[in-house]
1. For a quick check: with amide H placed at 1.01 Å from N, whose amide H comes under 5 Å from S56's, ignoring anything fewer than 5 positions away on the same chain?
2. Taking the Cβ of V60 as the center, what net charge do the other residues with Cβ under 12 Å away carry, scoring Lys and Arg +1 and Asp and Glu -1?
3. Multiply the residue gap between S82 and A67 by 0.36 nm, knock off their C-alpha separation, and tell me the result in nm, one decimal place.
4. Can you list the HN-Hα couplings for segment 56-66, worked out from phi with the Karplus curve (6.51, -1.76, 1.60; θ = phi - 60°), rounded to whole Hz and with x for Gly and Pro?
5. Pop a pseudo-label 7 angstrom from the Cα along the beta-carbon direction at both H34 and S18 and give the gap in nm to one decimal.
Amino acid sequence: MAASGGETTAEAGKLLFSLDVPFPTSREADIALHSLSPDREPRKGGISKRLTVSGSTLSVRWSADEARILRVSVNSFLDHLSLVVETMEMFGPPVSH
């Protein structure tokens, strides 16, 4: 896993945090993306999160107004990511159709 953060943008002092999570296969990265993608909600709480997959890497980008809100969102995401990874490990590699 690679992470970078603590950056402030010119966009009204927003805090940015980025996380890249490598998976063994692109199929597993896609499964994680669909498991972790939030339902579309109106933006509230001064934070936004964007998930994408490139090859076998899941990338997550946050933008937040406050460090506390960013920390809570990242911690929550990491808890969910851990659960997704444990579940995939328990059931073994996905079968291609």
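1. none
2. +2
3. Working: separation 15, 0.36 × 15 = 5.40 nm, distance 2.23 nm.
This chain segment gains 3.2 nm when fully extended.
4. For segment 56-66, the Karplus-derived couplings read 9, 10, 8, 10, 10, 10, 10, 9, 9, 7, 10 Hz, x marking Gly and Pro.
5. In this crude spin-label approximation the distance works out to 2.7 nm.
Computed from the coordinates by the stated procedures, all read-outs in this text should not be read as laboratory data. Everything quoted here is computed from the prediction, not taken from an experiment. Counting neighbours? That spans all protein chains shown, and the Cβs are built from the backbone with ideal geometry, glycine included.
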